[in-house]
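In what follows, a structure is listed as structure tokens, so that the remarks can point back to it.
Bear in mind these aren't lab numbers, they're just calculated from the coordinates by the rules spelled out. In this text the structure is predicted, and so the values were computed from the model without any measurement. Cβ placement follows ideal geometry from the backbone for every residue including glycine, while neighbour counts extend to all protein chains displayed.
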Amino acid sequence: MARPALIAVGIGAALVAGAAVVVLAEGPQSAIPLAVDQPPPTTAAPEPVAPEPTPNEPAQPAPTDIPPPVPGELISNGPRDIPKVAITFDTAFAADTAALTNAGIFPPQYNEAVVSYLAAEKIPATVFVTGLWAEQYPQAMERMAGIDTFEFGNHTWSHAGWTDDCYGLPSPGDEVAQRFEIARSAKLIAQYAESWPTYIRFPGLCQDPGDVALAGEYGEYTVGTDLTIFDTGVTDASFAVEGILAEVQPGSIILLHLNGAPNTPATLEILTQLVPALKERGLTPVTVSELLAPVEQEPAPAEPTAEPAQVG
């Protein structure tokens, strides 16, 4: 499926200890070097198996039942007649990113200041989590799981590119590997959220109808965005905020990142300017779940009861 043209708000390149970190104009997440872990062998059963716990995973058992399938649907926005918007965050993270972070070349790819701001101001947020990121930052997962205004979405396991033209990201592999990417991440998220994620966002917003349908088999609706302005490569927060405000409307789904420097260093500054501006326009930030929740209709007034006829 053809992807919409995306407008980058920051373009540049940096060379960090021999690893090229390039901010491309085409996509919101291409700045971070990414790779895919080896997928399971193609002889594996097509239905995913719950991953073995690792020392970084929480001890409590996770729900193991895959929820009922949902229609394969790509959702780019919510209702236009309700003054609400969803602020969402992706955690762009894969094996190459983990290696750079663990070697001290990258700072930790968890923007704790953003989470603290959202929690203090009670701003709802939906965080689309990459499984490898959740393994790397279990304390962050625990903290966000304890904030009642947060919800988790799936961002696949290794942040691979699900279409051939996904900004150079490697392929997740065959269908077995694709199922692994969706299910393993969802099961790890469920260990913290105590429920399977309802929504998924594919890395780079790259998906075709078959990918959307596959996510639906795992009870997950695919979430995109109706905006073309993101925080990747942004150093001038005001410029990004102006761009978002020029496009945002009721029902919009705003896409930012929870990684921080070096590729999304201005996210906190964007939020501190954007949230008050949204509220001034009468737009209330909500989670994706609330944005897409069915509208409850007020009950119709009861019909007046006829007075009984007088007998006389």
Quiz item: What number comes out for the charge environment of ARG201, summing +1 per Lys or Arg and -1 per Asp or Glu over other residues with Cβ under 10 Å away?
Solution: -2
Quiz item: According to a simple spin-label model (label point 7 Å from Cα along Cα-to-Cβ), what is the distance in nm between ILE147 and VAL70?
Solution: 2.2
Quiz item: Under a 5 Å amide H to amide H cut-off, with H placed in plane at 1.01 Å, what residues pair with PHE89 once short-range neighbours are removed?
Solution: THR126, VAL127, PHE128, LEU256
Quiz prompt | Amide H within-cut-off set for THR222, under 5 Å, with H built and near neighbours excluded | solution = GLU73, ILE75, ILE200
Practice problem: Taking the Cβ of ASN111 as the centre, find all other residues whose Cβ is under 12 Å away and add up their charges (Lys, Arg: +1; Asp, Glu: -1). | Solution: -4
Quiz item: What is region 110-238 by shape, rounded, prolate or oblate, if you read a ≥ b ≥ c off the alpha carbon gyration tensor as root eigenvalues and call it rounded for a/c under 1.5, prolate for a/b larger than b/c, and oblate otherwise?
Solution: oblate
Quiz item: Considering only DSSP states other than H, G, I, E and B, which GluC sites (Glu not before Pro) in region 67-142 qualify as loop sites with at most 14 other Cβ atoms within 10 Å?
Solution: GLU73, GLU121
Practice problem: Net charge near PHE128: determine it from the other residues with C-beta under 9 Å of the C-beta of PHE128, scoring Lys and Arg +1 and Asp and Glu -1. | Solution: 0
Self-check item: Karplus-derived HN-Hα couplings along region 117-122 (A = 6.51, B = -1.76, C = 1.60, θ = phi - 60°), whole Hz, x at Gly and Pro
Solution: 5, 4, 5, 5, 8, 6
Quiz prompt | FRET efficiency, LYS122 to ALA261 (Cβ-Cβ, R0 25 Å, nearest 0.05) | solution = 0.45
